[in-house]
Amino acid sequence: MPHHLDRMAEDLVKAKLENYWPGFELVAYAIYDRSNVYLFNHPKFSNNPPCTYHILKWDTEFTADTIIMYEEYPTAIVNMDHYKEYEDLFSMLVHELFHGYQYIKDEKRFPDEMLGITYPLSKENVELRNQERTNLYCAMLENDLINKKQYLNAFIALREKRAAKIEEYLTYENLIETIEGPAWYVELKAYSEKSPLDYDSVLKKYAQQLTNKYESTSRIRRSCYSSGLFILLLEELSPGWMESFFDREDTLYDLLKQQSGDYMEHSMADVKISPETEEVINLAIEKRMKAFEEFNKQAGIHLYIEGKIIAKSFDPMNIIPLEDRLLHKSFIKVRMNNEDFLIQQPVIAHVDHGIQNINKLHLIIENEPSETNDSLTIDGVGKIKGRYKKQENVWHVLIKNEFYLNWVSSINPLLLFALRILVELNVQPM
């Protein structure tokens, strides 16, 4: 889609961005594919007219659709290979640019992503949550102000019920809505502007994630985008609040609640679990298990990397949790042996005491690793130092403990030899 690059620069000017959100400022942005990165509006790179962008060779910094600090400056990045139509690429770039705007506005209302991955699939919560989302959708469609407020009061009452049981997870939802809802809001406006679809059709397209009970149960983080969006689409209840949005600590839900007036409170005992809720929970759990089963059934060589591994970055939108395992579907960057490795393929991480603390990675690779005395070189991963062994179609790598080795290297050579023997025998030194 490189032929759209100049059009992109013409469309992304401050005057047009302010039609999406008051004061919306442009940070740097990059459109990339597997070969090249087309970088716009970056203070460290000058463009010679008539060219509006600087061309770089692709490297691993440009992964996924997100916001990164490239050359110490916030930069929105989008993979053009993921989008066939201009309106899809453009609206996603506007979405990521808004995250850049949040950065320069010093946004601090970010959630603890661990809560999204450990989010409980309790029947009561799922039942109430789906009822809540239905009321929010109805409030958006309702033209009569009295009926609209009744739907909103029901929405708030249901959310307050849930807060009584899962307070920290409700905080997580509220914060995701506050960060991602506005980004989806400007994305919808940009898409509607460029798409041949009428506004009602665009709204219906974006409403699917709000009304689909299965998707909202199986993809908690993603589902908060749509609830945040639809809270924002009710902006007529409090005109002018966008101008002061970044000066507040309130979440979108707080703002809505402040405008709604009274709501009725109910006890959790009133909750009746519907057959549909039972079904969507079972389907969500089955989907998780199936994803792990399909991963293990892939053709190729199974590679296990064990030891102290730290997750440095990952795509929270594409993680599937199951007990103490996380299936990273798109990518994960990890630190092993004081080196960073970007793994751009599905990988299972076995975690312990937090999402960042990994004790084992499981990959499936196509080609045999290249061996040396103290390392394996793995296609798509890199050179990993450690002890390794092969059993049929499975490789195991035990990575080195850099702290231990540095300490050992400073002591008497004879003792060093003895300690190495202990390590080979799997004996722990006292």
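Output the residue which, of all residues in the range 259-274 that are aliphatic (A, V, I, L, M) and either over 25 Å from ILE146 (Cα atoms) or surrounded by 15 or more Cβ atoms within 10 Å (Cβ to Cβ) (or both), is modelled with the highest pLDDT. Looking at residues that are aliphatic (A, V, I, L, M) and either over 25 Å from ILE146 (Cα atoms) or surrounded by 15 or more Cβ atoms within 10 Å (Cβ to Cβ) (or both), I get ILE273.
Look at the range 357-384: where a residue is in contact (Cβ under 8 Å) with a residue 40 or more places away in the chain and a partner is open to solvent by less than 70 Å² (accessible area, probe 1.4 Å) and among the acidic types (Asp, Glu), sitting 6+ places away or on another chain with Cβ atoms under 9 Å, you get ASN359/GLU306; LYS360/GLU306; LEU361/GLU306. Can you tell me which condition GLU278 does not meet? The list is (1) within 25 Å of PRO346 (Cβ to Cβ); (2) surrounded by fewer than 16 Cβ atoms within 10 Å (Cβ to Cβ), and all the others hold. (1) is the only condition that GLU278 fails. The set of residues from the range 100-127 being among the hydroxyl-bearing types (Ser, Thr, Tyr), open to solvent by 20 Å² or more (accessible area, probe 1.4 Å) and assigned to a loop (DSSP other than H, G, I, E, B) comprises THR118, SER122. For the range 155-163, state whether one or more residues are open to solvent by less than 60 Å² (accessible area, probe 1.4 Å) and in contact with a Ser or Thr (Cβ under 6 Å, 6 or more places away or on another chain). Yes, because at least one residue in the range 155-163 is open to solvent by less than 60 Å² (accessible area, probe 1.4 Å) and in contact with a Ser or Thr (Cβ under 6 Å, 6 or more places away or on another chain). Confirm whether GLU306 is modelled with pLDDT of 90 or more, farther than 23 Å from ALA284 by Cα and outside any strand (DSSP E or B). Answer is no for this residue. If you go through the range 185-224 and keep only what is open to solvent by less than 10 Å² (accessible area, probe 1.4 Å) and either small (Gly, Ala, Ser) or closer than 18 Å to TYR119 by Cβ (or both), you end up with ALA190, ALA207, LEU210, SER216, THR217, SER223, CYS224. A search for C-beta distances below 7 Å between a residue of the range 328-342 that is more than 16 Å from ILE399 (Cβ to Cβ) and free of Cβ contacts under 8 Å to residues at least 60 places away in the same chain and any residue that is open to solvent by less than 10 Å² (accessible area, probe 1.4 Å) and not charged (D, E, K, R), counting only pairs 6+ apart in sequence or on different chains, returns HIS328/VAL347; HIS328/ALA349.
For the criterion of being hydroxyl-bearing (Ser, Thr, Tyr), assigned to a helix (DSSP H, G or I) and at pLDDT below 95, SER244 passes. Looking across LEU89, LEU26, LEU97, LEU93, one residue alone is touching a residue at least 60 places away in the same chain (Cβ under 8 Å), under 25 Å from SER226 (Cα atoms) and open to solvent by 40 Å² or more (accessible area, probe 1.4 Å). It is LEU26.
Counting only residues that are open to solvent by less than 40 Å² (accessible area, probe 1.4 Å) and more than 18 Å from the chain's Cα centre (by Cα), the range 53-79 holds 2 of them. If you go through the range 319-341 and pick out every residue that is open to solvent by 50 Å² or more (accessible area, probe 1.4 Å), out of contact with any Asp or Glu (no Cβ under 9 Å at 6 or more places or on another chain), within 23 Å of ALA284 (Cα to Cα) and not acidic (Asp, Glu), you end up with 1. Among the residues of the range 225-258, the one identified as open to solvent by 50 Å² or more (accessible area, probe 1.4 Å) and in contact with a Pro (Cβ under 8 Å, 6 or more places away or on another chain) is GLU243. Number of residues in the range 29-65 that are farther than 26 Å from LYS105 by Cα and either assigned to a loop (DSSP other than H, G, I, E, B) or in contact (Cβ under 8 Å) with a residue 60 or more places away in the chain (or both): the value is 11. Screening the candidates TYR119, TYR169, TYR151 for the property of being closer than 23 Å to ILE320 by Cα, at pLDDT below 95 and touching a helix residue (DSSP H, G or I) at 6+ places or on another chain (Cβ under 8 Å) yields one hit, TYR119. Inspection of the range 187-194 identifies no residue that is in contact with a Leu (Cβ under 7 Å, 6 or more places away or on another chain), among the hydroxyl-bearing types (Ser, Thr, Tyr) and in contact (Cβ under 8 Å) with a residue 24 or more places away in the chain.
Restricting attention to the range 119-162, the residues that are of a type outside the set (A, V, I, L, M) and closer than 18 Å to SER218 by Cα add up to 14.
Filtering the range 167-184 to residues that are open to solvent by 20 Å² or more (accessible area, probe 1.4 Å) and either outside any helix (DSSP H, G or I) or charged (D, E, K, R) (or both) leaves GLU167, GLU168.
The values are calculated or read from the model by the stated rules, or taken from the named source; none is laboratory data. Given the structure is predicted, the values throughout are model-derived calculations rather than measurements. Counting neighbours? That spans all protein chains shown, and the Cβs are built from the backbone with ideal geometry, glycine included. For the accessible areas, the whole protein counts, side chains as well, though only heavy atoms, and no ligand, DNA or RNA atoms are used. Shrake-Rupley method; radii C 1.70, N 1.55, O 1.52, S 1.80 Å.
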